[in-house]
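Worksheet for the structure shown next.
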Amino acid sequence: MPQFYAQAILVFRGGANGEEAPIRVIQGPRTQLKAHDRLALDPVHNEIYVPQGDKVLVFAGDAQGDAAPIRVLQGPDTQLQAGNVAVDPVNNLLVVGGMRGRRDGQLQIFNRTDSGNVKPKRVIRGPHTELTYIFGPIAVYPPRAEILAGIRGEGELASDECFVGVWSMNDNGDAPPRWRIGGPKGILQQVRGLALIPAHKSLVVTDKRLNAVLTFYFPEMF
């Protein structure tokens, strides 16, 4: 898990319970970690991905202490404003979500192993994408090469603007969502997390303002 205030990544054993110490801590100046609150795991290649604004840091899954990233995606050609990431270890793609400006969100698709100043393979951005305000969490479904993104609304328009959208990893440019759950006047207000349960053809959404976990039956996606 990310530790925002300690500028660290804490790793606990899977069966941890109660007041238990982490088994590993990634922390120190060589890590380049700074005020991060999200990360993504690639269990196939044993890597940890951390979005950091204008860069994405990649650590070995067994890293500890003041460990330098094994890769850093950064540079003017990347056009990164990384707020969240999701890894597709099957199709070897990295999806980065972020904001270019107010009400101007984007999804960038890179090769999973890209490093340095690399242009994205594709960028989903534009008015028809509806990637507008406060870009939320993202997830991927590798068997169908699909991207899910939570768009978080603002103020009185929260329930109108908040939704979960689905795009293809092959989409590029001003591509509208292929499916959409939420708003206008929907139940979602501020999506905070997404998870898929393929065995039950379901999508699980956590909502910060509702203080709730919602499960949607979503067979079209699977």
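Data overview
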| read-out | value |
| --- | --- |
| Positions within the range 44-55 being assigned to a loop (DSSP other than H, G, I, E, B), at pLDDT below 95 and not acidic (D, E), in sequence order | Q52 |
| Boolean, R152 is under 24 Å from L39 (Cα atoms), of a type in the set (K, R) and at pLDDT below 85 | yes |
| The range 83-106, residues that are out of contact with any Lys or Arg (no Cβ under 9 Å at 6 or more places or on another chain), within 17 Å of R38 (Cα to Cα) and of a type outside the set (G, A, S) | V95, V96, M99 |
| Residues that are over 24 Å from S168 (Cβ atoms) and under 18 Å from the mean Cα position of the chain (by Cα), drawn from the range 193-212 | T206, D207, K208 |
| Test for N117: is it surrounded by fewer than 14 Cβ atoms within 10 Å (Cβ to Cβ) and of a type in the set (S, T, N, Q) | yes |
| Every residue from the range 9-33 that is surrounded by 12 or more Cβ atoms within 10 Å (Cβ to Cβ), within 22 Å of the chain's Cα centre (by Cα) and assigned to a loop (DSSP other than H, G, I, E, B) | F12, Q32, L33 |
| Selected residue (criterion: farthest from I197 (Cα to Cα)) from residues of the range 119-143 that are modelled with pLDDT under 95 and charged (D, E, K, R) | R125 |
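The values are calculated or read from the model by the stated rules, or taken from the named source; none is laboratory data. Predicted, not measured: the structure shown is a model, and the values here were computed from it. For neighbour counting, all protein chains shown are included, and Cβ atoms are generated from backbone atoms with ideal geometry for every residue, glycine included.
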